[in-house]
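A short reminder: the numbers here are calculations on the coordinates, not readings from a lab. All values derive from a computational prediction rather than experimental measurement. Here Cβ is always computed from backbone atoms with ideal geometry, including for glycine, and neighbour counts include all displayed protein chains.
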Amino acid sequence: MLFSGGETDRMISAGVVRTIFADITRLYFENKQQRGKGILVFNPEQPDKSRYVTVSDIEDDIALAQEACSDSLVESLKMVLKVIEKEAESDIALVATISDLGVIAIYPIDPYEINKMIDELSNGLIF
């Protein structure tokens, strides 16, 4: 388990997890400010292939999916747009992953809640 072991191990784990989430949320908010509403599509196996996708990009993808008669992809992308619109004014970072099967998973990341959870899992060690 990530937060098992001695105090030093838990401190290191908590620091690494905080850094990862800080980087992800920073990337999201920087892109949102510069490029507009969207979602960070994160590729955990190849993080350098991750990218921020704007509402306009998704609308273009919906048009392509409609041309390809991929109703399931159209519906999935419309769902992503709804989430982006719902969280447009919030302080929540939107991160998505896409599985090998094409399943889109959206993870709303609240930086405050993440820090609170990391504190709880690492037995309250503060960095």
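Structure values in brief
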| item | result |
| --- | --- |
| In Hz, Karplus ³J(HN,Hα) per residue of region 65-80 (6.51, -1.76, 1.60; θ = phi - 60°; x = Gly, Pro) | 5, 5, 5, 7, 6, 9, 4, 5, 5, 4, 5, 4, 5, 5, 5, 4 |
| Full-extension gain in nm, residue 110 to residue 66, via 0.36 nm per residue minus C-alpha separation | 12.5 nm |
| Between 0 and 90°, nearest 10: helix 7-35 axis offset from the chain longest Cα axis | 30 |
| Filtered GluC sites (Glu not before Pro), region 1-74: DSSP coil and at most 15 other beta carbons within 10 Å | 45 |
